[in-house]
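One structure below.
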Amino acid sequence: FLFVAAVEVKIEVVIPEKERSKEEMSPNGKASPLIYKVNGTARHYHLEEHPIASNPYHNPKDMVEASVCHVKDLENGQMREVDLGCGKALLIKESGEFHAVGHKCPHYGAPLVKGVLSKGRVRCPWHGACFNIGTGDIEDFPGLDSLPKFQVKIEKDKVYIRASKQALQTQRRTKMMAKCISLSNYNLSSTNVLIIGAGAAGLVCAETLRQEGFSDRIVMCTMDRHLPYDRPKLSKSMDSHPEQIALRPKEFFRTYDIEVLTEMQVAAVDIKNKTAVFKDGFKMEYNKLLIATGNTPKALSCKGKEVENIFNIWTPEDANRVVKLATSKNVVIVGASFLGMEVAAYLAERAHSVSLVELEEVPFKKFFGERVGRAVMKMFESNRVKFYMQTEVSELREQEGKLKEVVLKSGKVLRADVCVVGVGAVPATGFLKQSGINIDSKGFIVVNKMMQTNIPGVFAAGDAVMFPLALRNNKKVNVPHWQMAHMHGRIAALNMLAHGMEISTVPYLWTAMFGKSIRYAGHGEGFDDVVIQGDLDELKFVAFYTKSDEVVAVASMNYDPIVSKVAEVLAAGRTIRKRDVE
């Protein structure tokens, strides 16, 4: 839906002294107010009526101050969780200076004291988000919010923290953002920035533009029915409802004038006329374009694929429906992918039976290697998941239109009331075929380190792109993971504003199964050896993936914060040799 309907222009419309050129995206918005006719009624809009953002921490009654320790209690490079009576803070000492910020990661609430401190930032032990200790600002993802920052003072060798009670309770801070003050004569069919796709990349791009003071029109469009949501949760907690996993509430988009068009599919992009053509014929002109359409799941190609109760987990509705249909019934999952394995783990205690069909001999073999794959497989088997490996589906049989049996190429027939397909995905870029935007043979959009395509003003981000990975000597790679999509969106936004920012982040991902997590950092594609420390049988280990003599990736279970530690070393541009981990 269109958040800023044409009728309700609650926005100051301004025209700069010199007619604004289409290319200019001046983020300062210095311009004079203008009387603008809406439906024939003259209205006057002033900047004062549209405050950029208010600081919620001005109320003195909201402030608390407490002595938290002696100056000698902390060594350089140490962190401590301290209690201020009405909430906790993270106290950090680095290079002789004290800093205090929120103690919980705003993403999923991980205790940052267990994270990794390095060169002015702290990295979350669970999913790798990074925060600047001086400002609290988020510097690497996942998650959208920053940490609140608290005042520290030293008196008579005692360390005091002064903080807002509200900030101590919420433990998160949304960065200051601009609002839209110029809707370039408010033409419904033109926007300054058009974002195709409303996943992490699209949302972070829109938010970053506003954080950087960009005050022109931003429109996001999505084929989804919902506002941006936490997609990894679809396979990890399948009965989540859309509003429970929304990344931002509806009001947020209204407040910061980020328009979201839901259930809108772009059919083509005309780069010459800078226009996106929608499936229903609607056209929208843009000045800058971000393509962040992600992937489309692959379907099965076997006989009977059109039978009822076969699902790709692509929307919250899919996930909810599968849980409902699978409860106390027989489930067959095709593909031991991250999605397939997470769904199997989630349904194991709810379904009557869970069978997993996979072409490889071990799950995750290409990604985690055979030994880690076997350890994970054992964990699944002890949780009643049955594997049918090195085979595939030859037929889906129905009874009264509904799925009844899954027939494997090995001849085995499995009883099945519901089937979940997790056999990979392809980039959702078919609509760009004739556009002139550079797409490789597999359908990925090719971008440079600034997330720019071959067409000026057109950027791409997220699962559908091939980009140069600094970590692997700028080799062009596809990294279809949640954290990376956030970072792509941020880099694209900064370069729409001509900041000249290059991507250099270290890929970081996680998977959750049976209450246990595997964390992973780096890019292990093409690894030739795995060095394992710890105990695979006990599922307490760290695995280093090496290529020739160099560690290119790391995975761990029950071994925090090793993956975040390695990510910080790699992020600093240092090389870890095989002999260092053997």
**OP:** Look at segment 540-572 and say how many of its residues are assigned to a strand (DSSP E or B) and among the charged types (D, E, K, R).
**Re:** 3
Subject >> Within segment 388-406, tally of residues that are at pLDDT below 95 and open to solvent by less than 10 Å² (accessible area, probe 1.4 Å) >> reply: 0
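Here is a yes/no grid of residues against (1) open to solvent by 10 Å² or more (accessible area, probe 1.4 Å); (2) closer than 21 Å to residue 393 by Cβ:
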position: 315; (1), (2): yes, no
position: 318; (1), (2): yes, yes
position: 321; (1), (2): yes, yes
position: 324; (1), (2): yes, no
position: 328; (1), (2): yes, no
position: 335; (1), (2): no, yes
position: 344; (1), (2): no, yes
position: 349; (1), (2): yes, no
Subject >> Single residue of segment 500-540 satisfying the filter (of a type in the set (Asp, Glu) and under 22 Å from the mean Cα position of the chain (by Cα)) that is nearest to residue 236 (Cα to Cα) >> reply: 525
**OP:** Scan (1) open to solvent by 10 Å² or more (accessible area, probe 1.4 Å); (2) in contact with a strand residue (DSSP E or B) (Cβ under 8 Å, 6 or more places away or on another chain) for the single condition residue 455 breaks and write down its number.
**Re:** (2)
Original post:
Looking at residue 410, is it under 30 Å from residue 352 (Cβ atoms) and either loosely packed, with under 15 Cβ neighbours inside 10 Å or of a type in the set (Lys, Arg) (or both)?
Top reply: yes
**OP:** Return only the number of the condition from (1) under 19 Å from residue 430 (Cα atoms); (2) without any contact (Cβ under 8 Å) to a residue 12 or more places away in the chain that residue 276 does not satisfy.
**Re:** (2)
**OP:** For residue 202, indicate whether it is surrounded by 24 or more Cβ atoms within 10 Å (Cβ to Cβ) and either at positive phi or more than 21 Å from the chain's Cα centre (by Cα) (or both).
**Re:** no
**OP:** Considering each of 193, 122, 152 in turn, give the residue that is surrounded by 21 or more Cβ atoms within 10 Å (Cβ to Cβ), closer than 18 Å to residue 89 by Cβ and over 16 Å from the mean Cα position of the chain (by Cα).
**Re:** 122
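So which residues in segment 548-581 are among the charged types (D, E, K, R) and either under 18 Å from residue 368 (Cα atoms) or open to solvent by less than 70 Å² (accessible area, probe 1.4 Å) (or both), if there are any at all?
Matches in segment 548-581: 549, 550, 560, 568, 578.
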**OP:** Quickly run through segment 419-452 and pick out the residues that are under 22 Å from the mean Cα position of the chain (by Cα) and either within 19 Å of residue 496 (Cα to Cα) or surrounded by 24 or more Cβ atoms within 10 Å (Cβ to Cβ) (or both).
**Re:** 422, 427, 445, 446, 447, 448, 449, 450, 451, 452
Original post:
Cβ-Cβ below 8 Å, separation at least six or inter-chain, first residue in segment 256-269 and on the phi > 0 side of the Ramachandran plot and in a loop (DSSP other than H, G, I, E, B), second open to solvent by less than 40 Å² (accessible area, probe 1.4 Å) and acidic (Asp, Glu): which pairs?
Top reply: 263/224
Subject >> Scan of segment 216-230 for residues that are part of a loop (DSSP other than H, G, I, E, B) and either open to solvent by 10 Å² or more (accessible area, probe 1.4 Å) or among the charged types (D, E, K, R) (or both), ordered by number >> reply: 216, 217, 222, 223, 224, 225, 226, 227, 230
Original post:
Which one of these is of a type outside the set (Phe, Trp, Tyr), open to solvent by 10 Å² or more (accessible area, probe 1.4 Å) and either touching an Asp or Glu at 6+ places or on another chain (Cβ under 6 Å) or part of a loop (DSSP other than H, G, I, E, B) (or both): 300, 339?
Top reply: 300
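Matching residues to (1) farther than 30 Å from residue 438 by Cβ; (2) not assigned by the TED database to the domain that holds residue 442:
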position	(1), (2)
232	no, no
249	yes, no
253	yes, no
270	no, no
283	no, no
305	yes, yes
Original post:
All but one of (1) in contact with a Leu (Cβ under 9 Å, 6 or more places away or on another chain); (2) within 16 Å of residue 168 (Cα to Cα) hold for residue 128; which doesn't?
Top reply: (2)
Original post:
So which of 233, 288 ends up being in contact (Cβ under 8 Å) with a residue 12 or more places away in the chain, open to solvent by 10 Å² or more (accessible area, probe 1.4 Å), touching a Ser or Thr at 6+ places or on another chain (Cβ under 6 Å) and of a type in the set (D, E, K, R)?
Top reply: 233
Original post:
Looking only at segment 255-268, which residues are within 14 Å of residue 207 (Cβ to Cβ) and of a type outside the set (Val, Ile, Thr)?
Top reply: 256, 257, 259
**OP:** Please find, among 209, 247, the residue that is open to solvent by less than 10 Å² (accessible area, probe 1.4 Å), within 18 Å of the chain's Cα centre (by Cα) and within 25 Å of residue 138 (Cα to Cα).
**Re:** 209
**OP:** Restricting attention to strands (runs of 3 or more DSSP E) lying wholly within segment 65-181, give those where 2 or more residues are β-branched (Val, Ile, Thr).
**Re:** 149-155, 158-164
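The values are calculated or read from the model by the stated rules, or taken from the named source; none is laboratory data. Computed from a prediction, not measured in an experiment: that's the story for all the values here. A quick note on method: Cβ atoms are made from the backbone with ideal geometry, for glycine too, and the neighbour counts reach across all protein chains shown. With ligands, DNA and RNA removed, areas are computed over all heavy atoms of the protein, side chains included. Shrake-Rupley method; radii C 1.70, N 1.55, O 1.52, S 1.80 Å.
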